[in-house]
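Trainee: The structure is given below, and queries will be raised subsequently.
The values are calculated or read from the model by the stated rules, or taken from the named source; none is laboratory data. Since we're looking at a predicted model, the values are computed, not measured. Because the Cβ atoms are built from the backbone with ideal geometry, glycine has one as well, and the counts that use them run over all protein chains shown. What goes into the accessible areas is simple: the full protein's heavy atoms, side chains included, and nothing from ligands, DNA or RNA. Shrake-Rupley method; radii C 1.70, N 1.55, O 1.52, S 1.80 Å.
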Amino acid sequence: MNKFSHLVKRCDHKIFASSVSLSLIGIFTLTAITYDKTPFLSREVIIQSAALVIGITFACVILMLGYRYFTDLEKVIYISSIMLLLLVYIPGLGTSVNGARSWIDLGFISFQPSEIVKISFILLMASYLSRSASSLSDNIGILSAALYGLPFILLVSREDFGSGCIYCAIWLFMIFCSGLKLKIIGRFALVFTMMLPMFYFFLADYQKERIDAFLDPADLDLPGNYQVWNSKVAIGSGGLFGKGWMNGTQSSLGFLPVPQSDFIFAASVEIIGFCGGLVIILLFALLIYRALMITRYAKDLQGALTGAGIAGMFFFQSFENIAMTMGLMPVTGITLPFMSYGGTSMVSAWMGVGLLLSVSCRQRL
């Protein structure tokens, strides 16, 4: 207990405070948009609150163990993570949600394995890159790093392109912070940019429709544009200080699609207004900034890469989700960390916080 108290005193309290604040805002919004379903707390609010408690518990355990504890378990984590991603292909076990077959249904509970594997992916890449840092100065080194993470990216992208993009963002953040020369980064970035249009032909039909809708936002007949149009209406109708708790019309009357998950930012801004939305963005900015500072002052390269991976995950998810609700990015199924409804998403985000706190309490002064 004394050791845990000492670690808590040394860890970055701003990380914890911003994460708790975002989680509570999410539950506050979820309560407001589901109040008419039951006179008591809705099932969504109960599950999200339970996930918050479980997530904080996991964060405390990770803080106590330390990020280097998982290094000796690298092979076990790698194999078990791949097997977990393969479970979605088993008939009767893997299920599809919104066109993406990325969920496992156990009957009494369903979860998204890619959300949990994100954390193990960061741990594995941090361990591998810290060992291979000296070889990342040439093309062979960067190719080996790409091949190490490729199975995860391919398995996730095949069934859920949005989650695959998150894995790619995490990989890029960690590669950049591993000491790779800018010349090599520029070379691979150029090749990737040239190949980007080719990826369109490998997408599923519903994914192509979302991109077509993003490129032609004026056509409301295209799938996705109607959602974004209602999202903009919800954000604009909130005004400066919002309509107040339980007074949101776009979300409560069903005009705003999936307000509890993909478009929870729009639902929140309708309730708490532009000022409230700005607070949400600033909380994410604080969280990401502190994560980058933890990366900068980490005790070792493995800790720095772990912090970089978590920072990349939070940055890409928050940017994509918030920009999507404003029509600045294509519509995807990427959740807003801490706020979007989903027990797996909440627990995964708090496991990331646990890793950040673990690195921060062991950083050099």
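Trainee: Which residues in segment 321-365 place their backbone N less than 15 Å from a point set 7 Å from the Cα of Ala17 along the Cα-to-Cβ direction?
Mentor: Label zone hits: none.
Trainee: If each of Lys183 and Arg131 carries a label point 7 Å out from its Cα toward its Cβ, how far apart are those two points in nm?
Mentor: Inter-label distance under the simple model: 2.9 nm.
Trainee: Now for a separate question. Would you mind putting 245-251, 147-153 in packing order, based on average other-beta-carbon counts within 10 Å, highest first?
Mentor: For the peptides 245-251, 147-153, the packing ranking is 245-251, 147-153.
Trainee: Using a basic spin-label model with each label point 7 Å from the Cα along Cα→Cβ, how many nm lie between Leu87 and Leu106?
Mentor: Once both label points are built, they end up 0.6 nm from each other.
Trainee: Still on this model: Which net charge results for the neighbourhood of Phe274, defined as the other residues with beta-carbon distances under 14 angstrom from its beta-carbon, given Lys and Arg at +1 and Asp and Glu at -1?
Mentor: Net charge in that neighbourhood comes out at +1.
Trainee: Just list whichever of Lys75/Lys118; Lys14/Lys232; Lys14/Lys299; Lys3/Lys118 have alpha carbons separated by over 24 Å in the model shown.
Mentor: Lys14/Lys232; Lys3/Lys118
Trainee: Stretched out fully, how many nm does the piece from Leu65 to Tyr289 gain, at 0.36 nm a residue minus the Cα gap? It would help to have the intermediate numbers written out before the result.
Mentor: Details: separation 224, 0.36 × 224 = 80.64 nm, distance 2.43 nm.
Value of the extension gain: 78.2 nm.
Trainee: Taking K and R as +1 and D and E as -1, what net charge do the other residues with C-beta under 15 Å from the C-beta of Thr71 add up to?
Mentor: +2
Trainee: Measure off, as a whole percent, the carbon and sulfur share of the 1.4 Å-probe accessible area of segment 296-347, all protein chains present. Mind showing how you got there, number by number?
Mentor: On the way: 950 of 1370 Å².
On segment 296-347, the fraction of accessible area on carbon and sulfur atoms equals 69 percent.
Trainee: Describe numerically, in nm with one decimal, the distance between label points set 7 Å from Cα along Cα→Cβ at Thr95 and at Leu190.
Mentor: The modelled label-to-label distance comes out at 4.9 nm.
Trainee: Another question, then. Can you give the FRET efficiency to the nearest 0.05 for Ala323 and Lys3, using r as the Cβ-Cβ distance and R₀ = 51 Å?
Mentor: 0.75
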